[in-house]
Structures are given as C-alpha cells and as structure tokens.
Amino acid sequence: MTDTLIVLNATELLTLKGPRMARVRQEMSDLGIILDGALAVEGGVITAVGTTEAIKREFDATGVDRVDASRKVVMPGLVDPHTHLVFAGSREFEIEMKVRGKTYMEIMQDGGGIHRTMRDTRAASAADLYAQSAKRLRSMIAHGTTTVEIKSGYGLDRTTELRMLEVARKLGGDLPVDVVPTFLGAHAVPEEFRGDPDGYVALIVNEMIPAVREQGIARFCDVFCEQGVFSIAQTRRILQAARSAGLQLKLHADEVHDLGGAGLAAELKAVSADHLLAASDENIARMAQAGVVASLLPATAYSLRKPYARARRMIRGGVPVALASDCNPGSSYTESMPFVFGLAVMQMDLSPLEALTAVTLNAAYALSMAERVGSLDPGKQADFLLLDGESPAILAYHAGVSPVTAVYKRGELAAGREDP
Ligand SMILES: [Zn+2]
C-alpha cells in the first residue's frame with residue numbers, strides 16, 4: 001500500500017460522478033457533492049470517493065500518504081480545451097490600440113495582430129519557442145489546469161506548424177499536465193498567399209495535413225472559419241481532409257460574424273465549436289441535436305471588449321457548454337481558468353455550479369478526454385485541486401486571484417502554496 005494517497009476532511013468534494021456523457025441543461029448543476037468528503041488514490045488513479053469516515057475505514061493504514069483538506073474544496077483538475085499557448089514574442093503594445101478603438105480585424109488587416117506573432121514564431125528556434133511556452137504552461141498548472149489543448153497556427157508554413165506541434169508534445173512529456181495537440185494551419189492566410197487563399201487551402205489539404213498525419217502528434221484539426229479568413233466552403237474542405245487523415249474536428253465558429261460555422265460543426269459532427277459570439281438560434285439548436293460541445297471563451301470577449309456569447313441560450317437549448325482560456329498573444333492573454341470562471345459567472349450568467357461543470361467534465365468532452373479526466377470517478381486519473389473556500393463559488397467570488405492552493409496530477413503534487 002506504499003503507493004496509496006488519501007485526501008481527507010474536504011468541506012465539499014465535487015465528484016461530478018454520473019452518467020458518462022457531456023452534461024446539458026440542469027445536469028450541469030449536479031456536481032455530485034460529498035460533504036466532509038475524501039478520496040483514495042493508488043498508482044495515480046482514483047480508487048474510491050466517499051465520506052472521510054468511509055475512506056478512512058477502508059484505506060487508512062501505516063505507509064499511506066495523507067492530505068488534509070480541512071476547510072478546503074476538493075475538485076477535479078481544470079481542463080482548458082482551447083489555447084494557443086505555443087507562440088513567440090509579445091503584443092503588449094496592442095492594448096493601447098484597442099483602447100483607442102481599433103478592432104481585432106483592423107489591427108490584423110494593418111499587418112499587425114496574428115501576422116506579427118507569425119513572424120516572431122517563424123523566427124524562433126524550437127528551444128526558444130519551448131522556453132517561452134513552458135513559462136506560460138507552468139503558470140497554467142499553478143492556476144489549476146491539469147489538461148490543456150494547445151493549437152499550432154502561428155507558423156502557417158509546414159516546417160513551423162510541425163515545430164509548434166513538436167513543442168506542444170514535448171511540453172506535455174516534460175511537465176505534469178496532459179497536452180492535447182491540435183493542428184490549426186488554417187488560423188489565417190499567410191502574407192505570401194494574400195490574394196490566393198484557395199492556394200493556401202490547397203497547401204493545407206495536399207501537403208500540411210499529410211505531413212501532420214505522418215508526424216503523428218496532433219489529435220484534432222481546427223479552422224478559423226470567419227469572414228475574411230476561411231469561408232464555410234474552405235473550412236469544409238479542410239476539415240473533411242483532416243477527418244480522412246484520422247484527426248478529430250474543431251472549429252473557431254461565428255466569433256465575429258454569423259457565417260454559419262456552428263451549423264457546419266453540427267453538419268460535420270465536430271467534437272466542439274468554439275467562440276460562438278454571433279451564432280444564430282437555429283445553429284445553436286443544430287449543435288444541440290448533433291451533440292457538439294460549445295467551448296466558450298469569455299476572456300476573449302473581455303479582452304476584445306465585445307458582448308459575451310449567449311451561454312444561457314445554449315444551456316437552455318441543450319448544448320453542452322465548456323469554458324476555455326483561449327490563451328493567445330492577441331485577443332486573450334491569460335493562463336488563468338479561475339479568471340475565465342469568474343467572467344463566465346459574472347458576465348454570462350452561469351451559476352457557479354454550471355461553470356464548474358464547464359471547466360471540468362464538459363471541457364474534457366470537448367477534448368474527447370472524458371474517459372480519463374474531468375471528474376473524480378474511480379478509474380480516472382487522480383487529477384484534483386484544493387481550493388481555499390467553502391464551495392466552487394469561491395472561484396468567482398475571490399476575483400482576480402487564484403484560490404487554488406494545491407494541484408495534483410496523477411496523484412502527485414504538481415503545484416502548491418502554503419496557506420497562512
Ligand atoms: Zn482560438
């Protein structure tokens with residue numbers, strides 16, 4: 001029993017146990033809370049959850065490691081299903097432009113925005129890209145993220161896209177976090193293809209996707225489907241090629257304009273459609289019917305100073321809602337899922353219980369990772385957090401700071417701080 005760890009005395013233990021499917025409507029409020037809760041871990045896997053009394057009776061013995069969670073909430077590790085964490089450089093100077101009223105598209109059309117990050121990322125060595133990204137990933141882990149999706153998409157050429165995916169893979173191997181890599185060659189049309197976007201789409205389909213398949217790292221393919229970026233027809237072409245190459249599908253859909261990306265996600269049965277600030281009622285209904293997870297990114301709306309996605313409408317309509325940071329150098333520079341949680345509650349009217357489901361179990365479904373992470377179910381990885389609070393509401397209540405005091409990945413302490 002030397003490999004056994006027990007966590008005892010949690011004020012609330014949020015298990016999210018239940019049927020093995022993404023949560024919709026009122027199911028999002030059912031966290032399977034155990035008062036005075038405890039859990040047992042063996043070999044990095046959860047073996048039991050229950051009351052402190054029950055877990056002590058069954059598992060307490062000499063040689064067992066104990067964690068005292070008195071006056072703490074214990075919850076599943078946070079899952080961040082949409083990030084652009086791997087990039088080089090900084091666009092701090094754009095804050096001033098935004099405050100003066102320039103839009104994201106205007107900054108991009110002026111040759112700033114994503115094209116600037118593309119140049120910095122292409123110029124960075126793999127070692128430099130790794131070092132800059134690892135710093136951010138350590139910060140994410142300290143804020144409670146134990147599973148994270150990372151997209152390529154700042155290379156926009158075959159070599160750099162593959163390098164970004166390799167950096168993502170290496171980060172996941174080196175740090176205590178599960179990394180899910182996504183190929184996003186269709187993040188923007190690079191300057192060398194300005195005026196010939198179909199030429200770039202052909203390059204993605206004919207050269208990049210086969211190379212990504214051969215490299216064997218990416219699990220998803222994503223497309224920035226947006227007016228002035230990739231059309232519905234171009235997006236469909238890329239995603240169909242990706243599916244044939246064995247990749248699962250995601251879309252940046254209806255972020256700025258209602259182009260019908262949410263409807264395309266439903267048609268293609270994508271795993272998730274993300275952003276959705278401008279998605280129509282009709283396409284939200286189609287997503288619900290097709291079981292597509294909506295990954296909402298409130299830190300992006302915050303940073304772009306735009307209205308938030310209509311989360312209540314989606315929940316009412318039966319769409320499984322997840323939340324993500326969208327961590328990227330332009331429209332949402334944050335590693336903090338507690339910040340995202342607070343925005344979702346305060347600005348999108350999610351209840352703390354709904355938001356908790358959206359940052360754990362539903363986010364795991366947005367990455368097809370729910371078999372292993374997202375809830376404290378026996379048989380799943382022992383990825384869990386201790387929060388300095390009485391309930392999950394602390395994540396919204398204590399604004400601008402992180403109430404996460406300890407982060408466990410597969411039963412091992414990955415980050416933590418002492419409470420006074
Ligand atoms: Zn994004």
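Bear in mind that the values in this text are calculations on the coordinates, not laboratory data. Worth saying up front: this structure is predicted, and the values here are computed from it rather than measured. Please note: Cβ atoms are built from the backbone with ideal geometry, for glycine as well, and neighbour counts cover all protein chains shown.
Structure notes:
- Couplings 3J(HN,Hα) for the stretch 64-70, derived from phi with the Karplus relation 6.51 cos²θ - 1.76 cosθ + 1.60 (θ = phi - 60°), are 8, 7, 10, 10, 8, 9, 4 Hz, where x marks Gly and Pro.
- Proximal lysines to LYS306, defined as alpha-carbon separation beneath 30 angstrom and excluding residues fewer than eight positions away on the same chain: LYS98, LYS102, LYS135, LYS151, LYS250, LYS269
- Among MET140, MET346, MET118, the largest mean-square fluctuation in a Gaussian network model of the chain (Cα springs under 10 Å) belongs to MET346.
- Cα-based equivalent ellipsoid of the stretch 369-415: semi-axis lengths in Å, sorted from largest, via gyration tensor: 23, 12, 8
- For LEU249, the residues 5 or more places off, or on other chains, whose built amide H falls under 5 Å of its own are CYS221, VAL271.
- Most fluctuating residue given options LEU343, LEU78, LEU35, as computed from a GNM of the chain linking Cα atoms under 10 Å: LEU35
- Rel. contact order, % - alpha carbon contacts under 8 angstrom, at least six apart, the chain: 21
- The peptide list 67-74, 8-15, put in order of mean Cβ contacts within 10 Å with the highest first, becomes 8-15, 67-74.
- Long-range tail of P(r) for the chain (Cα pairs > 40 Å, %): 14
- Kirkwood hydrodynamic radius (C-alpha pairs) into Stokes-Einstein, the stretch 21-142, 37 °C and 0.692 mPa s, D in µm²/s: 168
- Karplus 3J(HN,Hα) series, Hz, for the stretch 397-404 with 6.51 cos²θ - 1.76 cosθ + 1.60 (x for Gly, Pro): 6, 8, 6, x, 9, 9, x, 6
- Other residues with beta-carbon under 14 Å from the beta-carbon of SER139 carry, at +1 per Lys or Arg and -1 per Asp or Glu, a net charge of +2.
- Taking only the C-alpha atoms of the stretch 112-232, Rg followed by Dmax gives 14.5, 44 Å.
- Rg/Rh ratio calculated on Cα atoms of the stretch 1-73 (Kirkwood radius): 1.04
- Rounded, prolate or oblate (a/c below 1.5 giving rounded, otherwise prolate when a/b exceeds b/c) for the stretch 265-328 by Cα gyration tensor: prolate
- Per-residue HN-Hα couplings for the stretch 124-137 [Karplus 6.51, -1.76, 1.60; θ = phi - 60°; Hz; x = Gly/Pro]: 7, 6, 4, 5, 5, 4, 5, 5, 5, 6, 4, 4, 5, 5
- 5 angstrom amide H check on HIS82, placed H, neighbours 5+ away: GLU149, SER325, ASP326
- Between amide H atoms placed 1.01 Å from N, distances below 5 Å from TYR333 occur with ASN328, all of them 5 or more places distant or on a separate chain.
- Selection from PRO392, VAL319, LEU175 lying farthest towards where the dipole of the chain points positive, charges on Cβ: VAL319
- Just checking the listed ones, THR51, THR121, THR300: in the Gaussian network model of the chain with Cα springs under 10 Å, the one fluctuating most is THR51.
- Cα gyration tensor category, rounded, prolate or oblate, for the stretch 280-378 with a/c compared to 1.5: oblate
- Spatial offset of the stretch 163-200 relative to the stretch 201-263 amounts to 12 Å, using the alpha carbon center of each.
- The stretch 1-47 and the stretch 284-315: distance between their alpha carbon centers, rounded to Å: 27
- Peptides 309-319, 323-333, 376-386, 87-97 ranked from most to least packed, by the mean per-residue count of other Cβ atoms within 10 Å: 323-333, 376-386, 309-319, 87-97.
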